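The values are calculated or read from the model by the stated rules, or taken from the named source; none is laboratory data. No experiment lies behind these values; they were computed from the predicted model shown. When we count neighbours, we look across all protein chains shown, and the Cβ atoms used for this are built from the backbone with ideal geometry, even at glycine. Heads up: the accessible areas ignore ligands, DNA and RNA and are worked out on the full protein's heavy atoms, side chains in. Shrake-Rupley method; radii C 1.70, N 1.55, O 1.52, S 1.80 Å.
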Amino acid sequence: MPPFGISPLLSLLESCKTIKQGFQVHAQIILNGFQHHDFPISRLISFFALLGSEDGINCSQILFCQIECPNQFMYNTMIRGFSHSKFPEKALVFYSSMLRQVNRSPNNFTYPFLLNSCARLSTLKPGIQVHSHVIKFGFELDPFVGNALMHFYSVFRRLNDARIVFEGSPVRDLVSYNTMINGYGLVAQPGPALRLFRKMQDSGILPDEFTFVALLSAFSSLNDHRIGKEIHGFVYRNLYCVDSNVLLKTAILHMYAKSGLMDLAERVFSSMRSNKNTAAWSSMVSGYARCGQTEAARRMFDQMDQRDLICWTAMISGYSQSGQYSEALELFMQMEDLGIRPDECTLAAVLSACARLGALSLGQRLHSRYIEGELCSQNIIISTALIDMYSKCGKIDSALHMFHSIPKSLKTVSLFNSMISGLAQHGLGESALAVFGEMELIGLKPDGVTFVAVLSACSHSGLIEEGKELFRSMSDVYGIKPHKEHYGCMVDLLGRDGCLDEAYDLIRSMPFEANSVIWRALLGACKVHGNIKIGEVACQKLIKLEPDHGAHYILLSNMLANTNKWEQAGRVRKVMEDRGVQKPPGWSYIEFQGTIHRFLASDKSHLQDKGIESMLQDMAMRLKSAGYVPNTTQVVFDIDEEEKETVVSYHSEKLALAFGLVNSSTGETIRIMKNLRVCGDCHSAFKLLSEIYSREIIVRDAIRFHHFKNGSCSCKDFW
DNA sequence: ATAGGGTTAG
């Protein structure tokens, strides 16, 4: 082997592509006695650091650590390497050790990379500190540093700060404009993006394809296809390379797909011919899914040759957003089986589906396997989704624990909304108000969603005065106009207090027509307080608004029957039959050994296995000896008493409870989910059963949670 | 030094 000089070694290094080849060069460096020469070693460190792989950056770190007195280039290289690694925070570690070393002050190459690392962290603070260093060391006016600062601030949606840097920068080049336009796209402000674009043209800077990609993505957030089309035309007039520029085409396609213009999206898509990339496919998948066409989305998805994590996520979240939660979970498990690891976007979508389904054990598994102790445990969207999942699966304590473990500075309005509505569903009104107070204390401004949450918390817990006061302050103090949802909460609240006339007046004074949710709230209150007069009005309205909803007819006929207006009740039943309206099937489900078991009312298919039948008999017997009389008023009236009893004892929630009692051990909490409201008979029965079997039973119905324990329920019998 | 597709709460 001939001896090498330094420069042949360097040119050898230049031809290297893999870690192994890098090692060979390292061996040569040592063999030729250059291991203490800064120059070849720093090149080698740089080679490894910029390979872009985890192994590469580890190798460069090992080399770096062997050096007694690393030079500035080496530090910059490490910072640069970590800036696009999986551990951007390590760039900061190298930066501070650089500062600690005597005579090693940063230069103009240090900050762009360091700021890029900061842009990828989950918190804003380190970047702001770096900004103050930029000023301290006098790199404020460096155009590269300036652009990196704009990028950093816009990633954190701090467009005002980015703008200040932009305005203060002596040189505003193409990259500065692109970065700012892109930033406005991130915060969905296409207006300022467009103004900057004009300003750019005025100052004679020619846009490039990045400019248009940034503009297009800014306008994708707006569902205004007119402007999108205009940009499309503009792009064609200004860049004749459009047809060959895949990136640009993908951005155009995405703009159409996101605006729901799927036929235009299809046209761009097919014009891409053999250049269809995964991004284009993903845009199509999510575009179809977003407008509810999950089948079309799935066909696209199935046609793809190469599926990456993003398109899996697009399909999974497509199902989840369209309410097809089981499909979402099923697809997710298929993905896992292929060995694909979800990231935080996938997890957020899957957790949301778990929450809606009440799939606690899957949610818990996701938490412990992919989130706990991982980098994304700091991700606030994930935390929001987790809190929602734990709340909706009945584990309100876990949700609260998570919430309190999150540092104040990271908490967002959505996070608070998630926590408050969780507490509301569990009827924990005081806690909900306390969390709301904390929100104000740290200076977060509540929004419309927050008020839905706090108002429903008040109505679910009977905090009448607090609720009224909040409703007033909502517009007076916070300047938020109440929407239908807020009126719905107020009707619920007043109705609960027995103020049915007041509730009815509120509906009539609303600036818009009441929807079915609001009438249902009024009807619910009428049922509890036995107000037939207003109840009938509400029922009629509901039947008009939702003529296919069988429950309304049944409620109305039951209400009439209860006041002995048999004839009218019969007429209602007749109308229902004539229209062919079916009673909506009530079903309950319960999770057991990771799978969800579903029960339909009177469904005998589960009865043979696992001793459910005998458990049901045991339940009925013990209830009877405890002096319990079945409440059959909620059963359609024209069947005889004995049969009514049979019907109520086969309600889906009772079947699920029997299943739960058979398949769980003593002391274990039983969690049941129901698609409709829990029935009155089941509610009283469950209270007693919780005492008889010494079990805590948690039932999630369509609106809220019921925690049955020692003979009583957390809803205090109002729901 | 900048870039395209998927993310939470009602």
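Assorted remarks:
- Checking every one of the GluC sites (Glu not before Pro) in the range A:461-568 against DSSP loop status and a limit of 16 other Cβ atoms within 10 Å picks out A:513.
- Relative packing of peptides A:410-416, A:132-138, A:528-534 - highest average C-beta neighbours within 10 Å first: A:410-416, A:528-534, A:132-138
- Each other residue within a Cβ distance under 15 Å of residue A:430 adds +1 if Lys or Arg and -1 if Asp or Glu, for a net charge of -3.
- For the range A:51-165, the gyration tensor built on C-alpha atoms gives an oblate shape. Its axis ratio a/c (a ≥ b ≥ c) is at least 1.5, and a/b is not larger than b/c.
- Interatomic Cα distance distribution for chain A, bins of 20 angstrom, percent: 14, 39, 31, 13, 3, 0
- Legend: distances between Cα atoms for A:445/A:481; A:258/A:445; A:411/A:445; A:533/A:674; A:484/A:541; pairs beyond 20 Å are A:258/A:445; A:533/A:674.
- Probe 1.4 Å, accessible area per residue of chain A, Å²: 47
- If the convex hull is drawn through the Cα atoms of the range A:483-545, its volume per residue in Å³: 62
- Solvent-accessible area, 1.4 Å probe, carbon plus sulfur percent, for chain A: 53
- For residue A:63, net neighbour charge (Lys/Arg +1, Asp/Glu -1) across residues whose Cβ lies under 14 Å away: -2
- Gyration tensor verdict on the range A:645-716 (Cα atoms; rounded if a/c is under 1.5, prolate if a/b is larger than b/c, oblate otherwise): rounded
- Mean projected area (nm²) of the alpha-carbon convex hull when the range A:438-549 is viewed from all directions: 7.2
- Inverse mean reciprocal Cα-Cα distance (Kirkwood Rh) of the range A:1-112, Å: 14.3
- Relative packing of peptides A:121-130, A:350-359 - highest average C-beta neighbours within 10 Å first: A:350-359, A:121-130
- Order by protection proxy (mean Cβ within 10 Å, highest first), peptides A:207-216, A:380-389, A:595-604, A:327-336: A:380-389, A:207-216, A:327-336, A:595-604
- Convex hull volume of the Cα atoms of the range A:369-467, normalised per residue: 84 Å³.
- Near-label residues of the range A:292-333 by backbone N, under 15 Å of a point 7 Å along Cα→Cβ of residue A:369: A:329-333
- Surrounding net charge for residue A:156, when Lys and Arg each add one and Asp and Glu each subtract one, Cβ distance under 12 Å: +3
- Per-residue ellipticity at 222 nm computed for chain A from its helices equals -20000 deg cm²/dmol, with DSSP H segments shorter than 4 residues left out and the rest contributing -39,500 (n - 2.57).
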